[in-house]
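Asks: I have a structure here, written as structure tokens, and I will follow up with some questions on it.
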Amino acid sequence: MPEGDTVWNTARVLHRALAGCRLTASDFRVPRLATVDLTGATVLESVSRGKHLLLRLLEPDGEGRVSLHSHLRMDGAWRVYEAGARWASHPAHLIRVVLRTHDHVAVGHHLHDLALVPTGQEETLVGHLGPDLLGPDWDEDEAVRRLAAHPDTSIAEALLDQSNLAGIGNLYKSEVLYLRGVWPWTPVRKVANLGAVVGLAKKLLHANQGRWTQSTTGSLRRGQTTYVYNRRTQPCRRCGTLIEEAEQGERITFWCPVCQPAPA
Ligand SMILES: [Zn+2]
């Protein structure tokens with residue numbers, strides 16, 4: 001599941017392969033960008049903002065700067081290959097863009113919200129985001145302030161709202177609330193220490209920067225990486241009660257009914 005850490009890792013892979021390099025070809029396979037040709041543009045950097053990816057390029061004229069925006073949502077991915085290497089077998093119809101440099105090929109599969117804007121206008125695409133848990137602009141007080149501004153929203157839904165803070169998806173949402181002993185339907189105003197919730201989320205995402213296995217337990221062994229996420233009907237690692245699962249908003253929430261009791 002692409003959450004903030006996965007997107008950060010993806011940005012880094014793209015940056016390492018492409019930054020400083022001229023594109024020798026580009027192939028956009030979405031109707032809106034089908035006529036765009038970035039051949040000759042130089043990749044300046046690849047960065048993440050919450051769960052959004054921005055690939056910044058210098059146009060061939062050496063003056064204009066453009067940013068290619070993409071979002072992975074549930075199923076998108078960027079893959080980087082050595083030039084001439086075989087691509088992993090993804091269905092060709094899911095390829096949205098192919099960028100080539102002398103040494104590498106970057107292939108974007110199932111990307112969402114693919115858009116090209118002048119770099120100075122990136123804010124039109126990511127300006128709504130709250131402080132980025134893995135970004136240089138991280139501001140815990142501001143994230144807490146934004147959460148607290150919606151006191152009647154459930155804490156689980158508030159943590160997923162990227163305009164409050166950017167980077168948390170369903171896995172970290174479920175895990176953070178378990179570790180803090182918070183019932184997912186608790187209204188924000190009744191959560192004792194929002195700063196601690198947010199601080200723990202940052203710590204968990206940070207721990208998974210630079211690796212692809214997302215673990216909140218400290219274990220990287222298969223089946224041992226989470227406390228509640230994707231563990232419905234399995235015993236809680238603390239109390240042995242069976243983990244429950246329910247729809248909440250448009251997403252699934254996992255929780256332990258004993259470790260995360262509803263407020264009295
Ligand atoms: Zn429990």
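All of the numbers you see were taken from the coordinates with simple rules; none came from a lab. All values reported here derive from a predicted model rather than from experimental measurement. Cβ: placed from backbone, ideal geometry, glycine included. Neighbour counts: every protein chain shown.
Asks: Would you calculate, for the chain, the mean residue ellipticity at 222 nm contributed by helices, counting each DSSP H stretch of 4 or more residues as -39,500 (n - 2.57) and dividing by all residues, to the nearest 500?
Replies: Computed ellipticity for the chain at 222 nm equals -6500 deg cm²/dmol.
Asks: What does the charge dipole of segment 7-127 about its Cα centre add up to, to the nearest 20 debye, if the Cβ of each Lys and Arg holds +1 and the Cβ of each Asp and Glu holds -1?
Replies: Using only the charged Cβ atoms, the result is roughly 400 debye.
Asks: Further question on the same structure: Sketch the reach of a paramagnetic label on Ala115 as a point 7 Å from Cα along Cα-to-Cβ, and name the residues of segment 1-40 whose backbone nitrogen lies under 18 Å away.
Replies: What the label zone holds, given the 18 Å backbone N cut-off, is 29-36.
Asks: At 0.36 nm per residue, and after removing the present C-alpha to C-alpha distance, how many nm does the segment from Thr241 to Leu94 gain when stretched out fully?
Replies: On the way: separation 147, 0.36 × 147 = 52.92 nm, distance 4.12 nm.
Length difference between fully extended and current span is 48.8 nm.
Asks: Short version: ³J(HN,Hα) in whole Hz for each residue of segment 214-223, in order, from phi by Karplus 6.51 cos²θ - 1.76 cosθ + 1.60 (θ = phi - 60°), x for Gly and Pro, what are they?
Replies: Per residue, the Karplus-derived 3J(HN,Hα) values read 8, 10, 10, 9, x, 9, 9, 6, 3, x Hz.
Asks: How large is ³J(HN,Hα) for each residue in segment 145-157, as worked out from phi by the Karplus curve 6.51 cos²θ - 1.76 cosθ + 1.60 (θ = phi - 60°), to whole Hz, x for Gly and Pro?
Replies: Once θ is set to phi - 60°, the couplings for segment 145-157 become 4, 5, 4, 5, 6, 10, x, 9, 6, 5, 4, 5, 6 Hz.
Asks: List the residues, sorted by chain then number, that are 5 or more residues from Ala41 or on another chain and whose placed amide H is less than 5 Å from its amide H.
Replies: Leu23
Asks: Under a 5 Å amide H to amide H cut-off, with H placed in plane at 1.01 Å, what residues pair with Arg96 once short-range neighbours are removed?
Replies: When sequence neighbours closer than 5 places are left aside, the close amide H contacts are Gly108, His109, His110, Leu111.
Asks: Using modelled amide H (1.01 Å from N, peptide plane; none on Pro or chain starts), what sits under 5 Å from the amide H of Arg65, excluding residues fewer than 5 places away?
Replies: When sequence neighbours closer than 5 places are left aside, the close amide H contacts are Glu59, Thr119.
Asks: Something else now. In whole Hz, with x marking every Gly and Pro, tabulate ³J(HN,Hα) for segment 252-264 from phi via Karplus 6.51 cos²θ - 1.76 cosθ + 1.60, θ = phi - 60°.
Replies: 9, 10, 10, 7, 9, x, 8, 6, 10, x, 5, x, 5
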